Every structure is written in structure tokens, then in C-alpha cells.
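The values are calculated or read from the model by the stated rules, or taken from the named source; none is laboratory data. Bear in mind that the values here come from a model prediction, so they are computed numbers and not experimental data. Cβ: placed from backbone, ideal geometry, glycine included. Neighbour counts: every protein chain shown. Heads up: the accessible areas ignore ligands, DNA and RNA and are worked out on the full protein's heavy atoms, side chains in. Shrake-Rupley method; radii C 1.70, N 1.55, O 1.52, S 1.80 Å.
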Amino acid sequence: MPEEILALGQFYEVAIEFAVEYGLQIIGAIIILIIGFIVARWLSRMVMGFCEKKGLDITLTRFLGSVVKIIVLCFVLIIALGKFGISMAPFIAALGAIAFGASFALQGPLSNYSAGLIIILTRPFVVGNTIRLEGVNGVVEEIKLAATILTNEDGEQITIPNKMIVGDIIINSFENKVVEAVVGISYDDDPEQAIAVIREALEQNPNVVPEPEPQIGIQEFGDSSVNIGMRYWVPTRQYFQTLYETNLAVYKALNRTGISIPFPQRVVHAVSEKEKAA
């Protein structure tokens, strides 16, 4: 029992000595951290507000705001540690060694982050654009440092690592997507009339974008029909819906005006044995 009381007394003395010697430093460090967090958040919001007024992309705006916040917090942490007389030089050297060793194990994630930074700064596409690459396409929902998030008309979420984007061919059609279709008409029908009927059917669909204007014309001369090609733009999230609607509208319009859509035909000549001999 006396030994426990003695140990408790020694602990009490050490605690009192520590509080007397480092109490003000601890309070000062806490105050510095609190003020630093407030200032970092304020500067981050100010930078984001400035970027929004200048019309910068939302992804770039958030990135710049986060960078400013992290930089301020790093300086605040250094100042707070300095209140205890702790030098940051050994920590920086240790972090450098750790980063050098970890770079070999984290080549994949680090390449994604660097690629994400390139995408944010160069802005080959922004949130809301329709892009096609690596055999997939969709509307850009979010651009992160590690990956870019797309969604398609089916509501599927597509996550593409950023290193797969940088250096690859990117097709950006902004908020719309092109529809390419073909319909055949008989050689006996007037192609100019058919083109006018198809154009009118497209114009009646509100999902067909007026600019750029739909392109309609003779695409090729088939064996059984004159093939009329159609190219028009629709919102990406209504691609298949609009395609099906316009196909039905074109079919009805052609039938209504008496323009026929022929099916493949072959002419077969039967030759008798006498004709062969002749």
C-alpha cells in the first residue's frame, strides 16, 4: 500500500511538472489549430466562390479549394508542433524515405492521381459532358483524382481509372449523342419527297436537338432500295428512347405518303433444257 501511494505521488508530481512546463504550449498549440482550421475553411470557401464567379468548372473549383485548405493546414500543423520545440526536418526526411519506398508499391494509384490532376487542369471534358472511350460511353457525373464516374441511359454507373483516360482517344460530344440510322425506299419513289417526309418526322420529336441540324440524304444505292441516311443529335440519357420513337414516326410518315420500304428481292430466270441446248 505505501508503495502504491508513493507511485501515485510521483505520478502527480510529474503531471504537475509537465503541466507547469508545457501547459501554455499545449494551450497555445490548441488555439493555433482551432484558428488554423477556421482560416483554412474560410480561405477554401473564398477561393471556391471566386472560381465560381469566374465561371470555372465545378471540378477544378473544388480541387483548388481543397488544395488551399490542405496547404494552410500543413503550415498550421508545423507552427503547432513548433510550440513544443519539435523540429520538422526529421519528419520531412522520414516522409521522403517512406514516399520513395511506397512509390514502387503504389504505382497504380499514384498514376491514377497524377492522371486525375492532368484531367482537372487540362479539362478535356467537364461534368455533364458525354464522352466515349475504352469501349464505353456515358455522361460525366464526377471527376475524382483516382477515377472518373459516368452514368448511362440505363442508370448504370461506370467507373474509369484516370490512367486509362489520359493518353487515350476521347470523343466528347458534350451533352448530346449522335444517332445514325438508314431507311430504304423503292427506286420508283421520289427520294427528295422521302427526305422531306423524314425531316418533318424528326422535327416533330422534341428530343431531337435542332442544332446541329439533322443531316438526311441518299447514303447508298442498294440492290433493292435507295438507302436514305439519317444523322441527328439527341440527349444522351434519351438516346434509345428517341431512336425508337423516331424510327416509328419515320415508318408511319413514309406509309402515310405512299412511299414504300421494299424488302430484298431477287429475280430468278428458269432456263429449260431446250434453251440450254440452243
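Of the residues making up the range 17-58, those that are more than 30 Å from GLU141 (Cβ to Cβ), modelled with pLDDT under 85 and open to solvent by less than 80 Å² (accessible area, probe 1.4 Å) are ALA19, TYR22, GLY23, GLN25, ILE26, GLY28, ALA29, ILE32, LEU33, GLY36.
Each residue in the range 185-204 was checked for being surrounded by 15 or more Cβ atoms within 10 Å (Cβ to Cβ) and closer than 15 Å to THR246 by Cα, and 7 pass.
For the range 134-152, the set of residues classified as within 23 Å of TYR232 (Cβ to Cβ) and modelled with pLDDT under 85 is empty.
SER173 meets the conditions (1) part of a loop (DSSP other than H, G, I, E, B); (2) under 30 Å from GLY116 (Cβ atoms); (3) in contact with a Phe, Trp or Tyr (Cβ under 9 Å, 6 or more places away or on another chain) in every case but one. The failed one is (1). Of the residues making up the range 256-270, at least one is over 30 Å from ALA147 (Cα atoms), part of a loop (DSSP other than H, G, I, E, B) and aromatic (Phe, Trp, Tyr).
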